[in-house]
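Contents: one structure, followed by commentary.
Rule-based calculations on the coordinates, nothing more; no lab input. Remember, it's a predicted structure, so these values are computed and weren't measured experimentally. Neighbour counts run over all protein chains shown; Cβ positions are idealised from the backbone, glycine included.
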Amino acid sequence: MSQSPSWSELRRLITRLGSELDVVVRSDPEVCGLSGDGFLISLHHTGQGDCTVDGLSLVQCPNALVIDEFVRWMIQAGYLTQPLGSIA
């Protein structure tokens, strides 16, 4: 992502990812995320988030970086077959 997305945009991205991955998304005013066998992502309204994909992890990093790396790692691990911009 070239610019920092808003909290609403981040929540929509997580919802789209959840749909693509066929997993339940958790979302409340402060935190949104999802998890599955071998992966998880959690974004926080404060601007910092965490993710793990098959042993690779980011902890308390900017949400935009967390989304970018999560998607990249998910593609490399074969969980996703397309970049986030292609997920409708």
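In the chain, helices alone account for a calculated mean residue ellipticity at 222 nm of -11000 deg cm²/dmol, with every DSSP H run of four or more residues adding -39,500 (n - 2.57).
How far apart, in nm, are two points set 7 Å out from the Cα along the Cα-to-Cβ line at Gln76 and at Asp54? Label at Gln76, label at Asp54, 0.9 nm between them. Here the label points at Asp37 and Cys61, each 7 Å from Cα along the C-beta direction, are separated by 2.6 nm in the simple model.
Note on the chain: percent of Cα-Cα distances in each 5 Å bin, starting at 0 and stopping at the bin with the largest distance, equals 3, 15, 30, 30, 17, 4, 0.
Kindly list the residues of region 46-86 that lie in the label zone of Ser4, defined by a backbone N under 16 Å from the point 7 Å along the Cα-to-C-beta vector. What the label zone holds, given the 16 Å backbone N cut-off, is 46-50, 60-68. Exposure proxy shown here: for Thr52, Thr15, the number of other Cβ atoms within 10 Å sets the order, fewest to most, as Thr15, Thr52.
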